[in-house]
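Student: Questions regarding the structure given below will be posed in turn.
Since every read-out is calculated from the coordinates, none of them should be taken as a lab result. This is a predicted model, so every value here is computed, not measured. Cβ coordinates were reconstructed from backbone atoms using ideal geometry, including for glycine residues, and neighbour counts include every protein chain displayed.
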Amino acid sequence: MEKKENLGTKILRALGFFKMSDYEKSFHRDANVRSTVYMASIIIVLETWMIVRYLNKYIFSGKYEFTFESFFTYTKSYWMLLTMGIIMLVYSLLYLGDKIRRSKKLSLFLTLIFTGICMYFGWTVSANDYSKGKMILCFLTMVLYAACLLIWRPYISFLMLWAIGNAYIIYLDKFVPLKDGTLGMNEGDKINFATFYISMITVVISIYHQRHSEAVKSEKLVIASVTDELTGIPNVKGFTDKAFEQLKTINKENLVYLFINIENFKLYNDSLGFMKGNELLINLSKEISEQFKGDSYARLSNDHFTILTDKPDYLDRINKLQEAIGKDTPDELYLTLKVGAYRPKGELEDPRLEIDRARYACTTIGHQADKFYAEYDEKMAEDFKLRNYIINNVDKAVREGYIKVYYQPVVWSEDKKLCGCEALARWIDPKYGFLSPGVFIPVLEESRQIDKLDLCIYETVCRDLRERLDKGEKIFPVSLNFSRLDFELMDAIGELERLVEKYGIPREYLHVEITESALTDDTIGLKKSMDILHEKGYSLWLDDFGSGYSSLNVLKDFNFDVLKIDMVFLKNFGDPDYEENTENTKKIICTVIDLADNLGMKTLTEGVENDACVEFLSMVGCDRLQGYYYSKPVPIDDIYKMISEGKFEISDVIE
Ligand code: C2E
Ligand code: MG
Ligand code: MG
């Protein structure tokens, strides 16, 4: 709440006795420099005109003979003002165009000189006018220039106007004789000037306060644009602004960018509620600003923070941050900070790029419980480069055909006939060579571009099937991998339907695979999409069952036709060294098959690599088998070759 001010404080404030922030000061200074541009231009035009007028009146008219001495004597004040006008104009333009350092002292110095010259000029010209019985208009104009167009704090304007005004009236009254040799100013004139002065003071004060409230408003906007609303510490823009400044003075030897992620924060939020989550973020921000005083830091988003520091003991300080969040956390919600660090080498780059490297180092920690800190190294630099290459080149890869579809056969366990293939993406790059989906899929998902790749895969699959149909040969169903993001980033159903129409592929020849981990939260929209796909006649397959956290939940909410049991279960299956493991796997798989059966779903097991797997899975009634035992994913021509060589026979059962 704002404090109430008493009258005395209000008057002092009105007169300009209050502390200004650096921003407000520079706002006022900049505004004065902008006014100076106009004033200096007017002065240049006016004084040039005065000089030309003088030349025209006295010299060109032939009234007087031209001598440098008389020319200079009569026009010296014009020259002085003209020169000052030019200097002020040039200075102001350079200042506003950021061509020179915005020096407080230099602009004050020039402003004072300018004020002095205006006063001198007004004073002398008007004294001359007054002695001839004319008004002191020149003086008043100059006062307007110096005290009103340049806006000072009100008490300065007030003192300046009051002192100079009085001094001038006393000067005229006592020292400047009129034409008839008498001294003494007319009382009416004195009152007129005094009234004029008072009005001027009111105007000056009101302009000042108007400008000041603009400065305050503008500062608030600037602060809001660089501050994180929740925690009050800088946001990414505030961080970069400060970092650019800090980089000028910081000890480059110890320079390090840190990226901090609060692990398990989502769980904390879900369990204790948003308010508690916010409190934790605020407390952590406070601790960061204490531990890293003087450094640049920011809350980047959600539970992500960044710091640029040269404090050699930064790891101890991070431990303090960890202690601070630990204080508010129940033991079961184990919150840890994961920290990625990047030490820039050579030329300093844009801080945002450097944060990205620290962030990357942080992501490499993953969920490893025993590790909280990772420093960006050569290997990461390579991976990071590849990651950026993928992000920046996916369009080109799609356009130039670097994206290929490899097909992996799936067989019926009963008769081992080919019941379909899974389409798997490969990126065969002219620069990096063979890239596996394990590398590029997560990057494309993170950069929200997976739809570009998937669309390309779906079209290639439809085209491949069409070609075979056109040759009059038998086709087999192909299962397509869908990313959860496909449904957000594109009209996935609309696109699939468009391709089906375009290539004339019967819908039962395309299966939709969606991985279990995609279905963990926010499932309402996705469920709707799945239902539409179902209605249209596509078979829905749940991929990687058993590898995620919430398998059973997913079975409750979605209606899948086929459940693909993740290949993790078959790891080391049949290996005599892992006998116990094999026994457990057998029990799990049997139970899962039973479960699927009860829910009306068919089953497929991935990762079938040996006879033991085949034998067991066939015996317990797993419907489909997929794995290296039959074939690795291969180009479509290799599949046709295997078919023509009799290695696979296409089944007549299409499901
Ligand atoms: P996924 O859909 O579960 O695909 C099965 C993965 O297991 C494939 O890896 C396949 O090569 C591998 N695999 C199959 N049989 C065996 C085996 O017997 N032993 C072993 N060790 N591995 C086997 P891949 O092709 O590297 O794909 C990895 C993942 O990338 C896929 O897992 C899928 O989630 C994703 N992915 C692949 N292609 C696409 C795509 O076109 N779109 C989307 N959104 N994701 C894709
Ligand atoms: Mg799959
Ligand atoms: Mg899978």
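Student: Using alpha carbon centroids, what distance separates the range 422-497 and the range 374-389, in Å?
Tutor: 26 Å
Student: Taking the DSSP beta bridges in the chain as the whole, what percent of them are antiparallel, to the nearest 5?
Tutor: Working: 35 of 60 bridges.
Counting only bridges with both partners in the chain, antiparallel ones make up about 60 percent.
Student: When only Cα pairs under 8 Å and 6 or more residues apart are kept, what is the percent relative contact order across the range 236-376?
Tutor: On the way: 209 pairs, mean separation 46.0, N = 141.
About 33 percent, as a whole number.
Student: What aspartates and glutamates could a cross-link reach from Lys220, if we take a straight Cα to Cα line under 15 Å and drop same-chain neighbours fewer than 8 places away?
Tutor: Reachable aspartates and glutamates: Asp22, Glu24, Asp228, Glu229.
Student: Please tell me the relative contact order of the range 386-644 in percent, rounded to the nearest whole number, where contacts are Cα pairs under 8 Å and at least six residues apart.
Tutor: Working: 411 pairs, mean separation 50.9, N = 259.
Taking the mean separation of contacting Cα pairs over the length of the range 386-644, I get 20 percent.
Student: Residues with amide H under 5 Å of Ser479's amide H, sequence separation 5 or more or different chain, H placed in the peptide plane at 1.01 Å from N; which?
Tutor: Cys421, Glu422, Ala423, His511
Student: Same structure again: Which pairs, out of Lys311/Lys345; Lys471/Lys564; Lys237/Lys327, put more than 21 Å between their alpha-carbon atoms?
Tutor: Table pairs above 21 Å Cα-Cα are Lys471/Lys564; Lys237/Lys327.
Student: Straight distance only, please: which lysines reach the Cα of Lys190 with their own Cα at less than 29 Å, same-chain residues fewer than 8 apart left out?
Tutor: Filter leaves Lys132, Lys134, Lys174, Lys179.
Student: Going through the range 61-119, which trypsin sites (Lys or Arg not before Pro) have at most 16 other Cβ atoms within 10 Å and a DSSP loop state? Please report the intermediate quantities before stating the final value.
Tutor: Numbers: sites: Lys63, Lys76, Lys99, Arg101, Arg102, Lys104, Lys105; in loops: Lys63, Lys99, Arg101, Arg102.
Answer in residue order: Lys63, Lys99, Arg101, Arg102.
Student: If exposed means no more than 13 neighbouring beta carbons inside 10 Å and the site is in a DSSP loop, what's the longest run of the chain without any exposed chymotrypsin sites (Phe, Trp or Tyr not before Pro)? Please report the intermediate quantities before stating the final value.
Tutor: On the way: sites that count: Phe17, Phe18, Tyr64, Phe66, Tyr334, Tyr549, Tyr628.
By the stated rule (loop sites, at most 13 other Cβ atoms within 10 Å), 67-333.
Student: Over the chain, what relative contact order in percent results from Cα pairs under 8 Å that are six or more residues apart? Display every interim value, and only then the final one.
Tutor: Values: 857 pairs, mean separation 53.5, N = 655.
Averaging sequence separation for qualifying contacts and normalising by length gives 8 percent for the chain.
Student: Something else: Between Leu300 and residues 5 or more places away or on another chain, which pairs have amide H atoms under 5 Å apart, with H built 1.01 Å from N, and which residues are they?
Tutor: Phe305, Thr306
Student: Then there is this: Would you be so kind as to identify which of Leu496, Phe121, Val568 lies farthest towards the positive end of the dipole of the chain, taking Lys and Arg as +1 and Asp and Glu as -1 on Cβ and the Cα centre as origin?
Tutor: Of the listed residues, the answer is Phe121.
Student: Moving on. Give the shape of the chain as rounded, prolate or oblate, defined through the alpha-carbon gyration tensor: a ≥ b ≥ c are the square roots of its eigenvalues, a/c under 1.5 means rounded, and otherwise the shape is prolate if a/b is larger than b/c and oblate if not.
Tutor: On the way: a/c = 3.75, a/b = 2.78, b/c = 1.35.
The shape class here is prolate.
Student: Something else now. Going by alpha carbons, how many degrees (0 to 90, nearest 10) lie between the helix axis of 154-175 and the longest principal axis of the chain?
Tutor: It is inclined by approximately 10 degrees.
Student: Are there trypsin sites (Lys or Arg not before Pro) in the range 393-449 that DSSP puts in a loop and that have at most 13 other Cβ atoms within 10 Å, and which ones?
Tutor: Loop-located and lightly packed - Lys431, Arg448.
Student: Hey, what number do you get for the chain at 222 nm if only DSSP H runs of n ≥ 4 count, each worth -39500 (n - 2.57), divided across all residues, to the nearest 500? Please report the intermediate quantities before stating the final value.
Tutor: On the way: 22 runs with 362 residues, N = 655.
Rounded to the nearest 500, the figure is -18500 deg cm²/dmol.
Student: Expressed in nm to one decimal, what extension gain is obtained for the pair Ser436 and Lys528 from 0.36 nm per residue of sequence separation less their Cα-Cα distance?
Tutor: Values: separation 92, 0.36 × 92 = 33.12 nm, distance 3.13 nm.
Length gained between Ser436 and Lys528: 30.0 nm.
Student: Search the structure for amide H atoms under 5 Å from the amide H of Asp429, placed 1.01 Å from N in the peptide plane, and list their residues when 5 or more places away or on another chain.
Tutor: Phe434, Leu435
Student: Moving to a separate point now. Which log10 I(q)/I(0) values, to two decimals, does the range 509-655 give at q = 0.11, 0.14, 0.16, 0.17 Å⁻¹ under the Debye formula with one point per Cα?
Tutor: Debye intensities relative to I(0), on a log10 scale: -0.47, -0.75, -0.96, -1.05.
Student: Considering only DSSP states other than H, G, I, E and B, which GluC sites (Glu not before Pro) in the range 1-72 qualify as loop sites with at most 13 other Cβ atoms within 10 Å? Walk me through the numbers before you get to the answer.
Tutor: Numbers: sites: Glu2, Glu5, Glu24, Glu47, Glu65, Glu69; in loops: Glu2, Glu5, Glu65.
Listed in order of number, the matching sites are Glu2, Glu5, Glu65.
Student: Could you give the distance between the Cα centres of the range 551-585 and the range 593-655, to the whole Å?
Tutor: Centre-to-centre (Cα) distance: 15 Å.
Student: Taking the alpha-carbon distance from Lys404 and a cut-off under 21 Å, which lysines remain once sequence neighbours fewer than 8 residues away in the same chain are dropped?
Tutor: Within reach: Lys396, Lys431, Lys452, Lys502, Lys632, Lys641.
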